[in-house]
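These notes are about the structure you will find just below.
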């Protein structure tokens, strides 16, 4: 308890950093992932190819490497950005590949007839996708999509590796002050468990609300 | 538009000329010529696999064709893209499996296309949607989702959804084949009402009663060809070909 209460300020600010990283990356990865999924089912071959290459590249690269590229390489190659923003970009790009594949799985569960009905009414490809297919696809993949986002929440700790102020670095701060690293890690784990609970509740709520409309 | 004849009567609502279509080795449509006049109700009959469903779907190019032309109200169907989508908006289609948008309420199913394709203001579209749902007898279910309705009700909503676009012609692709027998009547009633109101209709169906009562013409298909094209009366009482006699013998003895 001393480890926690002695460092409560540190603990809370760090979890604040984790939440900020997660919320920004979650939003960005969901948007980018859905756009990528749309590209992968597009009738335009170049779009499909781009989507496929993106997913292959980002999904097959360890997150640590992606983040190191942004932490060390990006500023050297292009221009200066704060570490927090670089971490958000790295996490979003990486997670988007998984969101894309999950949503694409959802698209394949939507019956062909839904798209046909939309086309017969005069909708073009983009409208068919955004108004009819994607809303149903996303509803059908809520559980795996939540899992991808939970993984993202936990992946934010990797960002601790390059001085982003977040929960994963708590144990080091405690250690420097002479506290028990092990206990600190346990508190961090507990913190994450508490953070994941609202996500799970949100998933259940949405699943329940959408149960008739699928 | 390209028609040069002076003072000619308006073009047929649907015109298919020399339409060909293959599914791999299978020749599903062979040199189809078909014209449907304004306000005409054409019922397409034929054994399964005769190509009648493909013919219906080729009219709005949901099924791409290999050769020939399809014209709607004098305009040839363009390649897949914006212009084709625009033309499809004028062609209502009702499917065997209803295909109502599962994530939208009944009302929103009917409102979506007029607002998003035609740019009709939402309030106006909703008012018209309610009137249409009332016409097909589903007004009370407007806030429910498709899965909460029976098959017959869903199909009537699908008809209302197509009508909301104020189509020039309606295509029905086996609209009652997926229904429980006791629900066929309610859908046929709505279709008969439409026919009476002068809607141009192409109907692929196995409902011989509808063909007899509501059709102006019966087109009989076999093996991808139009074998007979005549009035319901002469088709049912004096079928001209062996294949038609065989078909009628099989369905009417049941």
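All of the numbers you see were taken from the coordinates with simple rules; none came from a lab. What you see is a predicted model, and the numbers here were worked out from it, not measured in a lab. Note: ideal-geometry Cβ built from the backbone for every residue, glycine included; neighbour counts use all protein chains shown.
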Run the numbers for residue A:60 and residue A:211: contour at 0.36 nm per residue of separation, minus the present Cα-Cα distance, in nm. 51.0 nm
When the helices in chain A are scored as -39500 (n - 2.57) per DSSP H run of 4 or longer and the sum is shared across all residues, what 222 nm value do you end up with, to the nearest 500 deg cm²/dmol? -23500 deg cm²/dmol
Which whole number gives the average count of other chain Cβ atoms within 10 Å of the Cβ atoms across peptide A:121-131? 6
Bridge type composition, the protein assembly as shown - antiparallel percent by DSSP, nearest 5: 55 percent
Describe numerically, in nm with one decimal, the distance between label points set 7 Å from Cα along Cα→Cβ at residue A:151 and at residue A:23. 2.5 nm
Can you tell me which of B:182-192, B:228-238 comes out highest on packing, and rank the rest after it, using the mean Cβ neighbours within 10 Å? B:182-192, B:228-238
Please report, in whole Å³, the volume per residue of the convex hull around the C-alpha atoms of region A:37-154. 120 Å³
Summarise the partner chain shielding of B:100-112 as one whole number: the mean count of Cβ atoms from other chains within 10 Å of each residue's Cβ. 4
Which value in deg cm²/dmol, rounded to the nearest 500, describes the helix-derived mean residue ellipticity at 222 nm for chain B, given -39,500 (n - 2.57) per DSSP H run of n ≥ 4 and division by the residue count? -11000 deg cm²/dmol
Looking only at other chains, what is the average number of their beta-carbon atoms within 10 angstrom of each beta-carbon in A:146-156? 0
1/(1 + (r/R0)^6) with r = Cβ-Cβ of residue A:202 and residue B:80, R0 = 35 Å, i.e. FRET efficiency to nearest 0.05, evaluates to 0.35
Estimated Rh, the protein assembly as shown: Kirkwood, alpha-carbon pairs, angstrom: 26.0 Å
Separation of the residue B:69 and residue A:85 label points, Cα + 7 Å toward Cβ, nm: 5.8 nm
Calculated FRET value between residue B:123 and residue B:240, using beta carbons and R₀ = 41 Å, to 0.05: 0.15
Spacing of the two label points (7 Å from each Cα toward its C-beta) at residue B:17 and residue B:233, in nm: 3.2 nm
Calculated FRET efficiency for the pair residue A:8/residue A:49, C-beta based, R₀ 45 Å, to 0.05: 0.30
Most packed first (mean Cβ within 10 Å per residue), the peptides B:83-94, A:40-51 order as B:83-94, A:40-51
Under a 10 Å cutoff between Cα atoms, tell me which one of A:61, A:52, A:95 has the largest fluctuation in the Gaussian network model of chain A. A:61
